[in-house]
Amino acid sequence: MTRTRAHVFVSGRVQGVYYRATTRETARERGVDGWVKNLDDGRVEAVFEGEEAAVEAMVEFCHEGSERAEVTDVDVTYRDPEGLDGFEVRW
């Protein structure tokens with residue numbers, strides 16, 4: 001199976017609405033490795049690594065995010081995976 005890496009920037013009302021925690025839970029449920037963090041400019045940045053279908057599902061998840069989020073844009077770039085293990089919230 002093909003592994004891939006997606007580097008994602010999410011814009012909108014995505015901070016203070018459990019976006020990172022929900023992303024971590026969803027990624028772990030889907031067996032996706034990586035991380036998620038808030039940026040100073042109000043966006044959320046995330047990296048997903050795993051099987052292609054699971055990573056694509058996480059990118060799709062980013063368009064909705066947590067229940068209270070209001071996503072206005074998702075910018076994604078694909079690269080070769082770097083071998084991340086586990087999924088964490090970064091500060």
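The figures follow:
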{"quantity": "Longest segment of the chain lacking GluC sites (Glu not before Pro) that sit in a DSSP loop with at most 16 other Cβ atoms within 10 Å", "calculated": "1-63"}
{"quantity": "Charged-residue dipole, Cβ positions (Lys, Arg, Asp, Glu), the chain about Cα centre, Debye nearest 20", "calculated": "240"}
{"quantity": "Shape category assigned to segment 3-82 from the gyration tensor of Cα positions, a/c cut at 1.5", "calculated": "prolate"}
{"quantity": "Extension gain, residue 37 back to residue 9 (0.36 nm per residue minus Cα-Cα distance, nm)", "calculated": "9.1 nm"}
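Coordinate-derived values only; no laboratory data. Computed from a predicted structure; not experimentally measured. Quick reminder, even Gly has a Cβ in these numbers, built from the backbone with ideal geometry, and neighbours come from all protein chains shown.
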